Amino acid sequence: MGPKINVQMVFDIPCVWSYFTYARLQRALARFRASGGQAELTFRPYQLVPDATIEGRLKVDVLRHAFGDDAEHSIARIAALASDEGLTFHPERAVHSNTFQAHRLIAVASAQGCGEDMTERLFRAHHTDQLNLADLDTLKTLAAEIGVGWSDEGIARTREELALTQRLGVHGIPILQFEGQPALTGTPSEDSLLTALRSAVGRR
């Protein structure tokens, strides 16, 4: 067994590229761990729309505002890319709402050893199940699915983490930081992520 390495991921749940990268990272981690590697993920919150409301807006409206006349083509292209990743996207009734509480829940889950599973479930809840991730009852249900004990703690810490990403000048996500290596941005391939994991071990 080699040393346990840490991987930090800066992301937001409604970000499709964050979801693609996380799915690839999970597959790379499965391969890495199957060969005896040890790694833990640290999730760093970022909000694409920090002033999004709890009620939220339909995601298709947000995308139409962002892409203009090209919105329908862009939505179809993203759905096709998701299918290639083995993911299912349903943007039609997805709700783009404030993600603060969802990020706080990830921190709670991580403290209970369930951060990776909770993060995957929240991605899927937004992109596939079209759930409002600012709704506390929804988050409590999702936490129970994963076996995470609900807690109201961590509000101040989540605010501090979000402020830190702002101070660091983060403007684009996702960002992956492997120990001792330059940060990876964009959507690296699964093989690239596996190589980064192995390289991180080699630098220990």
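The values are calculated or read from the model by the stated rules, or taken from the named source; none is laboratory data. Every value quoted in this text rests on a predicted model; they were computed, and no experiment measured them. Here the Cβ is made from the backbone with ideal geometry for all residues, glycine too, and neighbour counts use every protein chain on show. Ligands, DNA and RNA are excluded from the accessible area calculation, which covers all protein heavy atoms including side chains. Shrake-Rupley method; radii C 1.70, N 1.55, O 1.52, S 1.80 Å.
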### Task
Can you tell me which residue among L25, L48 is surrounded by fewer than 21 Cβ atoms within 10 Å (Cβ to Cβ) and closer than 21 Å to A183 by Cβ?
L48
### Task
Answer yes or no as to whether L136 is open to solvent by 20 Å² or more (accessible area, probe 1.4 Å), without any contact (Cβ under 8 Å) to a residue 12 or more places away in the chain and aliphatic (A, V, I, L, M).
no
### Candidate set: the stretch 88-99, residues that are of a type in the set (S, T, Y) and without any contact (Cβ under 8 Å) to a residue 60 or more places away in the chain; chosen: the one surrounded by the fewest Cβ atoms within 10 Å (Cβ to Cβ)
T88
### Query
Which residue out of S74, S83, S151 is surrounded by 14 or more Cβ atoms within 10 Å (Cβ to Cβ) and part of a helix (DSSP H, G or I)?
S74
### Query
Are any residues in the stretch 154-186 polar (S, T, N, Q) and either closer than 12 Å to M9 by Cα or touching a Gly at 6+ places or on another chain (Cβ under 7 Å) (or both), and if so, which ones?
T165, Q177, T185
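I need the full set of residues from the stretch 28-45 which are more than 26 Å from F100 (Cβ to Cβ) and open to solvent by less than 30 Å² (accessible area, probe 1.4 Å), in order please.
Listed by number, the residues that qualify are A28, L29, F32, G36, G37, A39.
Looking only at the stretch 157-181, count every residue that is at positive phi and surrounded by fewer than 12 Cβ atoms within 10 Å (Cβ to Cβ) and tell me the total.
Number satisfying all stated conditions: 1.
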### Query
If A196 satisfies every condition in (1) closer than 17 Å to V7 by Cβ; (2) in a helix (DSSP H, G or I); (3) open to solvent by 60 Å² or more (accessible area, probe 1.4 Å) but one, which is the exception?
(3)
### Query
Which residues, counting only those in the stretch 2-29, are at pLDDT 95 or above, touching a helix residue (DSSP H, G or I) at 6+ places or on another chain (Cβ under 6 Å) and over 24 Å from T158 (Cα atoms)?
R24, R27, A28
### Query
Which pairs have Cβ atoms under 9 Å, sit 6 or more apart or on different chains, and link a residue in the stretch 72-87 that is under 19 Å from Y22 (Cβ atoms) and modelled with pLDDT of 90 or more to one that is β-branched (V, I, T) and assigned to a helix (DSSP H, G or I)?
L81/V16; A82/V16
### Query
Within the stretch 30-69, can you find the residues that are in contact (Cβ under 8 Å) with a residue 24 or more places away in the chain, assigned to a helix (DSSP H, G or I), touching a helix residue (DSSP H, G or I) at 6+ places or on another chain (Cβ under 8 Å) and under 27 Å from L162 (Cα atoms)?
V60, L63
#### Entry: Enumeration of residues in the stretch 100-133 that are crowded, with 19+ Cβ neighbours inside 10 Å, in a helix (DSSP H, G or I), without any contact (Cβ under 8 Å) to a residue 60 or more places away in the chain and aliphatic (A, V, I, L, M)
L105, V108, A109, M118, A125
### Summary
Taking the stretch 93-125 and the residues there that are β-branched (V, I, T) and within 13 Å of the chain's Cα centre (by Cα), the one that is nearest to S151 (Cα to Cα) would be I106
